[in-house]
Amino acid sequence: MIWQGGGGGSPLFAGIPREVAHRAARLMEREPDWGLPEVPFSLRASDQPRFTLWVLLAPRRWALLGALLLVAVETVLLQAGPLLTKVGIDAGILGHDFGVVVAAGAGYALTMVLGGLATGARVAWTARLAAALAYDLRVRVFAHVQRLSLDFFSEQRSGRVMTRMTNDIEAMNQMLQNGLVQIAVQGLTAVVVAALLFALNWELAAFTMAVVVPAMLALSIWFRSASERGYRRVRDGIADVLADLAESLAGIRVVAAFNRAARNVLQHRRINRTYRDAEVYTAHVTAVYGPATTALGLVAQVLIVLTGSFLVVHRQLSVGSLTAFVLYMTSFFAPLQQLVQLYSTYQAGQAAVAKLAGLLAVRPSVVDGPDARELPLVRGEVVFDRVWFAYGVEPVLEDVSFRVQPGHRLALVGATGAGKSTIAKLLVRLYDPTRGRITIDGHDLRSVTLSSLRRQLGVVPQEAFLFAGSVRDNVAFGRPEATDGEVLDALRVVGLEGLLERLPRGLDTPVRERGVALSSGERQLLALARAFLVRPRILVLDEATSNLDLASEARVEAALDAVLEGRTAILVAHRLSTAMRADAIAVVEGGRIVEMGSHADLVAAGGPYARLYRTWMSHLEGGWRSRRVIRGTGQVLC
Amino acid sequence: MTRAPARVDPDPEKGWVRRLVPLLRAHAPILALALAASVLASALQVAIPDLISRIVDLLVAERRVAVGLCLLGLVLAGARFGVGYLYRRFLLQTAYEVEYDLRTAIHEHLSGLSFSFFDRVQSGQLISRANSDVRAVQMFLSFGPAIVVQVLMLCFALGVMVTMSVPLTVVAVAAMPVVVLLGTRMRAQTFPLSWVVQARIADAAVIVNENVEGVRVVKSFAAEHLQLRLLARAARRIQWATVRQNDVVARWSPPMQNLPGLSMAAVLVLGGWLILHHQLTVGDLVAFTAYIAMIQAPMRQLGLLLMQYQRAAASAQRIYQILDERPQITDPPDAVDLGRAAGDVRFEDVVFAYRQGFPVLDGFSLHLRPGETVALVGRTGSGKSTAARLLMRFYDVQAGAVRLDGHDVRGLRLASLRAQVGLVVDEPFLFSISVRDNIAYGRPDASLEEVVEAARAAAADEFIRRLPRGYDTVVGERGYTLSGGQRQRLALARTLLVDPPVLVLDDATSAVDVEVEERIHANLRRLLRGRTTLVVAHRLSTIGLADRVALVEAGRVVAEGTHAELLREPRYVEVLAQVEAEQRRQTGRARAGAWEPGVEMEER
């Protein structure tokens, strides 16, 4: 059973019981409609202080203080019990006064009820605080990621952004939700109990603390480091197991073809054994720690009873106090153990803070200048004026200059890596040139705001990337306020009106829904419709037809003519057929424009383009041994 | 030693726990040790408060310090540590051993399943589900018995308490059922909410992932602000759900935690009354308070146990589903071992369909004489690649037969058949191991010289030497990313190294540059001598390798002959024209239609 998470659309919950899913659905019906929250955002350069935990907490410091107060009230109330038991035993039972016993019992019960109320209030309060902080954090980090320029998003770093936004925020969330408050709760409990122990009898308290606390701390510290080591081993172990399983399955045909199954089975056993050994190590660690703390608690009890008995015999301690001592000892242990555990959560949270701070400290390389203006509606004259560019040290573009008249098409041709796509990226200002300048209608790209520039540009990348939303969301990506009519219009222009009949929910069909398999041609046409819908003055197509089959290519090329009508276009051409239809062709070689002109001129000139043209044609020789022209099909086969 | 896994009971009629019994039996010694130690640990745990109560009584009644009893207490505490260690350590180890058994058994079983199974299921989902299912069973085995033992301890404790005072016991445990009930109620409410929270975190992760993957589109369309607001909405939804979840906890957990405290208060009052009326000793009262603290944990965990049991039951069923899947392609009992094959390949009226009612091959017949190279030419979907797969016995024919040296491939031992036939496909899979290990995948004992030689034959040596660490460069998902052409060349080298007498090249060089392909073909013409080769031709150039061409249409061979002979067949010419068009699309060459008429081509 697949149960759709409302609106968000994660088809999770496969395998959860039906009634649980129903209950979850009912709960979510009560959720307010959040709309799209207003969040301030700017692409200007800004100087923020280095991110620390306090930077996040400071705006909510009063709520934090409130939470700590509730913690204090709760702790004091819940630790009153053993003290009242002492009164009950000493003054009541041993003093033969049942009234005192009843009063102590009633007092005990009252502190439990009030303490419970305080606990409830504290949980609800801190949950709100932590959830609000998590919201702040998610928005803050993501807003920063949105500001970062394209150069940041190399393949490796993209993965890291995902980790920051998921694991690290989750680790911080854990620290905020459980860690900090629990550290306060447990720390305060330990302090209150210690104080009570000393108040009851400072000699006995000092004695037990001297014996028990060092042992307890030593044990816990050992456990923490040992279990961390163990869990790291387990984590690596399971990762290897899963990776090996995944490869065995992904390559199952190769495994079969090369008769490797038996060998791989042994390998998988070996990897699984390493994992199991890691697990058994953690079993050893927990098996030492758990019973050791229990035994230590028992030893402490016995020692208290033993030494306490001497004190009682010498009338330096009452039996009630001794009982209270034994009871408090239990509630003194728990927080110590907890604190050691919490320290890991705290450390993980701090590590996450450091990593997030690292991400938040990255400065975007392309930002709105301090006096950037809105780009007015342009006619579409594009000029590259002696542009140089390098991703690193090695220049990718060297002294590139050209001018495209409004409404004209320029095709860029050349080998892979020559710099064609870089020219396209610079025009969209995904990067800034290292030297020279790029202007549109005379406006230097760096002098206008990024959003006003990009609103007038339409971009169709090589890989048509579709987002997880509906067809409508994807087409209207650049103009979310577009009406359904406009979206349909854009689909019609690119020749995709037939697609809608195939989709179960029309424009609202999610593009990634099962059964809605869009061909790569259709995806590319959607991307084209997306670019068309923003009604750009200038279109940039980066090898938009390179991954298509013949039929789709023909459709896309036909749609292109409709879309390009009256617009300036820069086409990174993969095929000569596309290039030949442009007003001008620029041949890019090694980061330079080596030749520029119309198809006919360039062929006539006999330069690099003519050579390129000849090579492409002669490639049709393929591996044929004999030349042959097959007539009747209109095709030439050599 | 890496031991073979214990196997689950193969009888699908049995219950899930009973099917696990063989696994538990395989680890019976450590399991028995753990269980024995746990009983002892419980007894000791219960004995100590009783001991303390006696010490206190002696103290109150006789003003005497029971040093002996105290020393006994210390000994008992030490013993408690020893048995506690044995019990936890070996109980967990049992669970981990069972996990090992299940994981390796799943891997081994999947490795033996037929490809029709993998055509049906998505292996990524299969892996993640199997992983969490194994984990659920392991969790249950790790904690289930522990909780049972705790319940045992609870019973011991109750026994001791009853001997001290029945009414006080009743008061002490009165709150317990309520605690269990509250726990169940709370879980029933938080469980769906925690799913909602998880789902929403996943939703937010999807937004981030899409944003990062589609960053060029986001930036090009100046959609950063909108994306941020979308994320903010997702974050609000997470916030709302977490607050709801914690509100449930805030409502239910205080009574759960503090009801035992109320019991304590009641025990104090009633116990006081009983002591004053000489029906109870002070020591008993002290012991009672210790017991109340002790029995809370098992009560709370009882509900947890039930939940884990349900989860493990569902998980185990899914694991059994995998393990019960029968492989369709297996060695027959009297399978024949083929020595080195001569290479006579025969398809006899083969009928095959991936899906019932949609035959891909329908009366496919073809004979390849030893040492012959035959090209299959046909439209996409005509069944060429399927024929190649049947020769490897990746699937079994539904009618007819595929024969190697006169033996029906179904009668040969699979390993022996596959050792004779080498298959190179257009989108080869490489493992995340070094280039060298990838090439030597079929012959792990091959020397470096042999590997290099195979790489040379596949025109791969040059680019491999330019890789960051040459032949030791790790490639694939967790290593260096190779281009499609480079991958194909490695795959070709991998097969050439095995030196199989029968070779199937399924569009094996489609992503390789034309010049490199020329070199490969030159090498192949030499290497194919004396080898029976079936070439699935998606490119015209590959046909040049073949002695003979078979034209495939709608799942059968409709014409056979040399390329020159077949050119007289209009159908062949038509298909060639189409293949040629495909070829152009794949390599991005100029369109035939755009050519100026009458352009003469130079002969190479």
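Values in this text are rule-based calculations from the coordinates and carry no lab data. Worth saying up front: this structure is predicted, and the values here are computed from it rather than measured. Cβ coordinates were reconstructed from backbone atoms using ideal geometry, including for glycine residues, and neighbour counts include every protein chain displayed.
Once segment A:553-592 is represented by equal point scatterers at the alpha-carbon sites, with solvent omitted, what log10 I(q)/I(0) does the Debye formula produce at q = 0.19, 0.24, 0.32 Å⁻¹?
-0.61, -0.90, -1.31
Would you please give the FRET efficiency between A:ALA610 and B:ALA399, computed as 1/(1 + (r/R0)^6) with r the Cβ-Cβ distance and R0 = 60 Å, to the nearest 0.05?
Working: r = 57 Å, r/R0 = 0.96.
That pair, A:ALA610 with B:ALA399, gives E of 0.55.
Place a +1 charge on the Cβ of each Lys and Arg in chain B and a -1 charge on the Cβ of each Asp and Glu, then give the dipole magnitude about the Cα centre in debye, rounded to the nearest 20.
The dipole magnitude comes to about 2200 debye.
Ranked highest first by the average count of other Cβ atoms within 10 Å around their residues, in what order do B:234-245, A:273-284, A:290-301 fall? Present the calculation step by step, with values, prior to reporting the outcome.
Working: B:234-245: 22.9, A:273-284: 19.2, A:290-301: 20.8.
Output ranking for B:234-245, A:273-284, A:290-301: B:234-245, A:290-301, A:273-284.
Would you calculate the volume per residue, in Å³, of the smallest convex hull containing every Cα atom of segment B:166-279? Please report the intermediate quantities before stating the final value.
Working: hull volume 10.2 nm³, N = 114.
Considering the Cα atoms of segment B:166-279, their hull volume per residue is 90 Å³.
Using only the alpha-carbon atoms, what does segment B:34-123 span along each of its principal axes? Please give whole angstrom values in decreasing order.
Cα spread of segment B:34-123 along its principal axes, largest to smallest: 83, 18, 16 Å.
With each pseudo-label sitting 7 Å past Cα toward Cβ, what's the A:ARG235-B:VAL39 distance in nm, one decimal?
About 4.1 nm separates the two model spin labels.
Using +1 at the C-beta of Lys and Arg and -1 at the C-beta of Asp and Glu, which of B:GLY15, A:LEU518, A:GLY495 has the Cα lying farthest in the positive direction of the dipole of the protein assembly as shown?
Projecting each Cα onto the dipole axis, the largest value belongs to B:GLY15.
How big is the Rg/Rh ratio for segment B:345-588, C-alpha atoms only, Rh by Kirkwood, two decimals? Working shown, then result.
Values: Rg = 17.9 Å, Rh = 18.5 Å.
Value, to two decimals: 0.97.
May I ask you to compute the full-extension gain from A:ARG435 to A:ALA195, defined as 0.36 nm times their residue separation minus their alpha-carbon distance, rounded to one decimal in nm?
On the way: separation 240, 0.36 × 240 = 86.40 nm, distance 7.06 nm.
Length gained between A:ARG435 and A:ALA195: 79.3 nm.
Using a 10 Å cut-off around each Cβ of peptide A:319-326, what is the average number of partner chain Cβ atoms that fall inside? Working shown, then result.
On the way: counts 6, 2, 0, 7, 8, 1, 0, 6.
Across the residues of A:319-326, the mean count of other-chain Cβ atoms within 10 Å is 4.
Name the residue from A:ALA58, A:TYR328, A:THR75 whose Cα lies farthest towards the positive end of the charge dipole of chain A, charges +1 on Cβ of Lys and Arg and -1 on Cβ of Asp and Glu.
Result: A:TYR328, furthest along the dipole toward the positive end.
So, in Å, what gap is there between the alpha-carbon centers of segment B:347-375 and segment A:266-318?
Value for the Cα centre distance between the two parts: 69 Å.
How big is D, in µm² s⁻¹, for the protein assembly as shown by Stokes-Einstein at 20 °C and 1.002 mPa s if Rh is the Kirkwood radius over C-alpha pairs?
Working: Rh = 36.1 Å.
Taking Rh from Cα pairs, D becomes 59 µm²/s.
What whole number of Å gives the distance from the Cα centroid of segment B:241-298 to the Cα centroid of segment A:336-385?
Segment A:336-385 and segment B:241-298 have Cα centres separated by 51 Å.
Taking every DSSP beta bridge with both residues inside the protein assembly as shown, roughly what % is antiparallel (nearest 5)? Don't jump to the answer; show the numbers that get you there.
Details: 39 of 79 bridges.
Within the protein assembly as shown, antiparallel bridges account for around 50 percent of the total.
Just name one of B:LEU496, B:SER432, B:GLY485: the one whose Cα is farthest towards the positive end of the charge dipole of segment B:345-588 (beta-carbon charges, Lys/Arg +1, Asp/Glu -1).
Result: B:SER432.
Which stretch or stretches of segment B:514-540 have amide N atoms under 14 Å from the point lying 7 Å from B:ARG456's Cα along the Cα→Cβ direction?
Only B:523-524, B:527 pass the distance filter.
Roughly what would the spin-label model give for B:ALA564 and A:ASP33, points 7 Å off Cα along C-beta, in nm?
In this crude label model, B:ALA564 to A:ASP33 measures out at 7.7 nm.
Hey, how many Å between the Cα centroid of segment B:475-551 and the Cα centroid of segment A:448-486?
Going from one Cα centre to the other spans 43 Å.
For A:GLN405 paired with B:GLN317, estimate the spin-label separation in nm (one decimal), with each label point 7 Å from Cα along the Cα-to-Cβ line.
Distance between label points: 7.4 nm.
Counting DSSP beta bridges in segment A:389-541, what percent are antiparallel, to the nearest 5? Mind showing how you got there, number by number?
Working: 5 of 9 bridges.
Antiparallel: roughly 55 percent of the beta bridges in segment A:389-541.
What fraction of the DSSP beta bridges in chain B is antiparallel, stated in percent and rounded to the nearest 5? Could you put the intermediate results ahead of the total?
Values: 20 of 41 bridges.
Restricted to chain B, the bridges split so that about 50 percent are antiparallel.
Which whole number gives the average count of other chain Cβ atoms within 10 Å of the Cβ atoms across peptide B:48-58?
Numbers: counts 4, 3, 0, 4, 8, 0, 0, 6, 8, 0, 1.
Average neighbour count from other chains, rounded to a whole number: 3.
Report the extension gain between B:ARG519 and B:VAL21 in nm, rounded to one decimal, defined as 0.36 nm multiplied by the number of residues separating them, less their alpha carbon distance.
Numbers: separation 498, 0.36 × 498 = 179.28 nm, distance 6.04 nm.
So the extension gain works out to 173.2 nm.
Averaging the inverse of every distinct alpha carbon separation and then flipping it gives the Kirkwood radius. What is it for segment B:70-179, in angstrom units?
18.3 Å
Where Rh denotes the Kirkwood radius from the mean inverse Cα pair distance, what is Rg over Rh for chain A? Could you put the intermediate results ahead of the total?
Details: Rg = 35.7 Å, Rh = 31.7 Å.
Expressed as Rg/Rh, it is 1.13.
How long, wide and thick is chain B, going by the Cα atoms along their three principal axes, in whole angstroms, largest first?
Principal-axis extents of the Cα atoms in chain B, largest first: 121, 66, 50 Å.
With viscosity set to 0.890 mPa s at 25 °C, what whole-number translational diffusion coefficient in µm²/s follows for segment A:137-249 from Stokes-Einstein and a Kirkwood radius over Cα pairs?
Numbers: Rh = 19.1 Å.
The calculation lands on 129 µm²/s.
Using alpha carbons only, how many degrees (0 to 90, rounded to 10) separate the axis of helix A:61-78 from the longest principal axis of chain A?
30 degrees
Nearest 0.05, what FRET efficiency do B:THR380 and B:ARG326 give at R0 = 41 Å with Cβ-Cβ as r? The partial results should precede the final answer.
Values: r = 33 Å, r/R0 = 0.80.
Calculated transfer efficiency: 0.80.
Report, by chain and number, residues whose modeled amide H sits under 5 Å from the one on A:SER401, excluding near sequence neighbours (fewer than 5 apart, same chain).
Amide H to amide H, under 5 Å and 5 or more residues apart or across chains, A:SER401 pairs with A:ARG386, A:VAL387, A:ILE593.
When ranked by the protection proxy of mean other Cβ atoms within 10 Å per residue, highest first, what sequence do the peptides A:135-145, A:339-349, B:457-467 form? Mind showing how you got there, number by number?
Values: A:135-145: 21.2, A:339-349: 17.9, B:457-467: 19.5.
Answer by packing, highest mean first, reads A:135-145, B:457-467, A:339-349.
Evaluate peptide A:281-293: per residue, the Cβ atoms of other protein chains within 10 Å of its Cβ; return the mean as an integer. Can you show the working numbers first?
Values: counts 0, 2, 10, 5, 1, 5, 11, 5, 2, 6, 12, 4, 2.
Average per residue, whole number: 5.
Starting from the Cα-Cα distance between A:ARG160 and A:THR483, subtract it from 0.36 nm times their residue separation and give me the gain in nm to one decimal.
Values: separation 323, 0.36 × 323 = 116.28 nm, distance 3.68 nm.
112.6 nm is the gain from fully extending A:ARG160 to A:THR483.
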